[in-house]
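A.B. asks: Below are the structure tokens for one structure; questions will follow.
Every read-out reported here was derived from the displayed coordinates using simple, explicitly stated rules and does not represent laboratory data. Worth saying up front: this structure is predicted, and the values here are computed from it rather than measured. FYI the Cβ positions are ideal-geometry reconstructions off the backbone, even for glycines, and counts take in every protein chain you see.
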Amino acid sequence: MTSIAIAGNLASDPELRFTPNGKAMATFTIISSKSQKKPDGTWENVDVTPWSIKCWNKLAENVAESLKKGMGVIIQGTAVWDSWDDKTTGEKKGRMSVTAFNVGVDLKRHIVQVVDLRRVNEGDVEVDAWSAPTWKKEPEVPESFPF
């Protein structure tokens, strides 16, 4: 397997499904390309490449809840070649797919508010789905702290 990082835009909303034993899986496609200036001064997208992305478990659930069609994302994962025989023609088909282990929003194009899910069950955080977490207690700073 090959480790890969890809930046692109979601071609559609992620689709969330569950396996028979309850494991979450999200699938979606991103389109990557690069912009190139033409001699007349206008821009065009070249090297347009669709990527099939799959992710599992909590990452899949968070992706399905957080991402929408058109958003810029950065994917880190492992790339594999999927191949199969077309049932109608018998022809061999294939495509590159990526199993993502990290998915992030492209901050060149978006501003996000973060909810730290690691602290939700610790009892010291008030969780509001529309804003970043706020801690009930301010951390104590020693008087000797250098500022």
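A.B. asks: Across the stretch 1-23, which residue is farthest from the chain's Cα centre (by Cα) among those that are β-branched (Val, Ile, Thr) and either part of a loop (DSSP other than H, G, I, E, B) or over 16 Å from Lys108 (Cβ atoms) (or both)?
C.D. replies: So the residue we want is Thr19.
A.B. asks: On to the next question. Return the total of residues in the stretch 82-98 being out of contact with any Lys or Arg (no Cβ under 7 Å at 6 or more places or on another chain) and loosely packed, with under 10 Cβ neighbours inside 10 Å.
C.D. replies: Counting residues in the stretch 82-98 that are out of contact with any Lys or Arg (no Cβ under 7 Å at 6 or more places or on another chain) and loosely packed, with under 10 Cβ neighbours inside 10 Å gives 7.
A.B. asks: Now for a separate question. Could you count how many residues in the stretch 49-59 are assigned to a strand (DSSP E or B) and loosely packed, with under 11 Cβ neighbours inside 10 Å?
C.D. replies: Going through the stretch 49-59, the residues assigned to a strand (DSSP E or B) turn out to be 49-56.
Remaining after also requiring loosely packed, with under 11 Cβ neighbours inside 10 Å: none.
The number of residues fulfilling the criteria is 0.
A.B. asks: Can you tell me which residues in the stretch 93-114 are over 16 Å from Ala7 (Cβ atoms), part of a loop (DSSP other than H, G, I, E, B) and of a type in the set (Val, Ile, Thr)?
C.D. replies: Answer for the stretch 93-114, where residues must be over 16 Å from Ala7 (Cβ atoms), part of a loop (DSSP other than H, G, I, E, B) and of a type in the set (Val, Ile, Thr): Ile111, Val114.
A.B. asks: If you don't mind, there's one more thing I want to ask. Might you check whether a residue that is buried (at least 16 other Cβ atoms within 10 Å of the Cβ) and either under 13 Å from Asp13 (Cα atoms) or free of Cβ contacts under 8 Å to residues at least 24 places away in the same chain (or both) occurs anywhere in the stretch 30-45?
C.D. replies: Looking through the stretch 30-45, at least one residue is buried (at least 16 other Cβ atoms within 10 Å of the Cβ) and either under 13 Å from Asp13 (Cα atoms) or free of Cβ contacts under 8 Å to residues at least 24 places away in the same chain (or both).
A.B. asks: Across the stretch 60-81, which residue is farthest from the chain's Cα centre (by Cα) among those that are surrounded by fewer than 16 Cβ atoms within 10 Å (Cβ to Cβ) and in a helix (DSSP H, G or I)?
C.D. replies: Glu65
A.B. asks: Consider Ala26 carefully, then state whether it is assigned to a strand (DSSP E or B), within 30 Å of Val114 (Cβ to Cβ), aliphatic (A, V, I, L, M) and without any contact (Cβ under 8 Å) to a residue 40 or more places away in the chain.
C.D. replies: The answer is yes for Ala26.
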